[in-house]
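None of the figures in this text is laboratory data; all of them are computed from the coordinates on show. Keep in mind the model is a prediction, meaning the values are calculated, not measured. Positions of Cβ are backbone-derived with ideal geometry, glycine not excepted, and every protein chain shown enters the neighbour counts.
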Amino acid sequence: MINGKESKKQASSTSTLPKITKIEAQKRKGRYNIYLDEEYAFPVDEAILIKHILHKGMEISKTFRQQLEIEDGYRKAYTRALVYLNYSLRSIKEIKDDLIAHEFTGETADQVIEQLKEQGYLNDLMYAESYTRTAANVSGKGPYVIKRELKKRGVKEETIEEAMEQYPFDQMVENGVALAEKVMRRSSQHSSRETSNKIRQNLMQKGFQSDVITQVLEQITTEKEDDDEYDALKTQGDKIWRKQSKLTGSKKIQKVKSALFQKGFAGDLITQYINEKEMEEEDE
């Protein structure tokens, strides 16, 4: 006859840990569902399945299951980062921000980043140099804009300065000239002085520094021929003249003169235009 103590001893020797009863491939390649005691328990990555040689009949303790779930969380974060990198080079900050946005912990994100750096997939200098070349060659952006955008992406100041070596001064001037020529094509109805001011303002907004702007203005001609300048004045003047239609006499003339002067037209051309408008009104 078995006494109580012997019964307890036999019971304790019989394992009650859940066992893997099924390993099912997901539709997503490289992902598997693990069933314990005929019930779905948790998913794992193929790398984890192989690493731990998970198989049917294998007992899974609570501690081991927690370890598997932690490792699987890391694998999902790592895979997510690789997918994000597949579209384009990324900065360290961009990878971390993306992982956190997808609800991975900061600690997991940092671990993934370290692995990617070790594997050569993540390098802020390489990223900044590539970004600088693309911005300079494709979009023609000025250096200040590029620096600002790299800083926003978490790249360190010293790394940015090193990356800017990919954007030589001559190319900055070349890009500035191309941008200035676009402004000039849109400024046929503006005075020479206003066109020059618009070019300067546009180049500053695009991130070009003063020494580049000076070189650009020396390489282009913003000065219009006299006839073209006067045609531009007439176009602007007629708009202003119509706008001031409620005024008459010297008040109207003064308003038009002041507005044309602010737009950069020369005094003698303004006087010529006003005289013509007065003669037109006398003939009407």
_Using a Förster distance of 22 Å, the FRET efficiency for Ala178-Asp211 (Cβ separation, nearest 0.05)_ = 0.80
_Given R₀ = 25 Å, what would the calculated FRET efficiency be for Lys22 paired with Lys62, taking r from the Cβ atoms and rounding to 0.05?_
0.80
*What ³J(HN,Hα) values, in whole Hz, does the Karplus curve 6.51 cos²θ - 1.76 cosθ + 1.60 give for region 69-74 when θ = phi - 60°, with x put for Gly and Pro?*
5, 5, 5, 5, x, 5
*For the Cα atoms of the chain, what angle does the longest principal axis make with the long axis of helix 210-219, in degrees from 0 to 90, nearest 10?*
50 degrees
*Within the P(r) computed for region 123-167, what percentage of the Cα pairs occupies the region above 16 Å?*
18 percent
*In nm, what is the difference between 0.36 nm times the number of residues separating Ile240 and Arg186 and their Cα-Cα distance?*
17.5 nm
*On a 0 to 90 degree scale, rounded to 10, what angle separates helix 4-13 from the longest Cα axis of the chain?*
40 degrees
*Which residue, chosen from Phe64, Asn33, Leu82, occupies the Cα position most advanced towards the positive end of the dipole of region 12-96, where the dipole is computed from +1 (Lys, Arg) and -1 (Asp, Glu) charges on Cβ about the Cα centre?*
Leu82
*Could you put Ile50, Ile34 in order, starting from the residue whose Cβ has the fewest other Cβ atoms within 10 Å?*
Ile50, Ile34
*Pop out the ³J(HN,Hα) list for region 79-96 in order, Karplus 6.51 cos²θ - 1.76 cosθ + 1.60 with θ = phi - 60°, rounded to Hz; leave Gly and Pro as x.*
5, 4, 5, 5, 5, 5, 6, 5, 7, 5, 4, 10, 7, 4, 5, 5, 5, 5
*Return the whole-Å distance between the Cα centroid of region 120-195 and the Cα centroid of region 73-118.*
28 Å
_Cα centre as origin, Lys/Arg/Asp/Glu Cβ charges: the chain dipole, Debye_ = 1680 debye
*asked:* Nearest 10 degrees is fine. How inclined is helix 106-118 to the longest principal axis of the chain, computing both from alpha carbons?
replied: 80 degrees
_Quick check on the exposure proxy: order His55, His190, His102 from fewest to most C-beta atoms within 10 angstrom._
His55, His102, His190
*Normalised by the number of residues in the chain, what is the relative contact order in percent for Cα pairs under 8 Å and 6+ residues apart?*
11 percent
*Answer with a single label: of (1) 15.4; (2) 28.4; (3) 16.5, which was calculated as mean projected area of the Cα convex hull in nm² from the structure in view?*
(2)
_Residue-count net charge about Glu129 - beta-carbon cut-off 10 Å; Lys, Arg +1, Asp, Glu -1_ = -2
_Residues with amide H under 5 Å from that of Thr21, placed H, sequence gap 5 or more_ = Tyr35, Leu36, Asp37, Glu38, Gly57
_FRET efficiency, Glu280 to Arg133 (Cβ-Cβ, R0 45 Å, nearest 0.05)_ = 0.20
*Tabulate in residue order the Karplus-calculated ³J(HN,Hα) for region 34-50, using 6.51 cos²θ - 1.76 cosθ + 1.60 with θ = phi - 60°, rounded to whole Hz; enter x for Gly and Pro.*
9, 10, 10, 6, 6, 10, 4, 10, 6, x, 9, 7, 4, 4, 6, 4, 6
*Of the options Tyr167, Val145, Tyr230, report the single residue whose Cα projects farthest towards the positive end of the charge dipole of the chain (beta-carbon charges: Lys, Arg +1; Asp, Glu -1).*
Val145
*Taking Rh as the Kirkwood radius, which is the inverse of the mean 1/r over Cα pairs, what is the Rg/Rh value for region 37-126?*
1.06
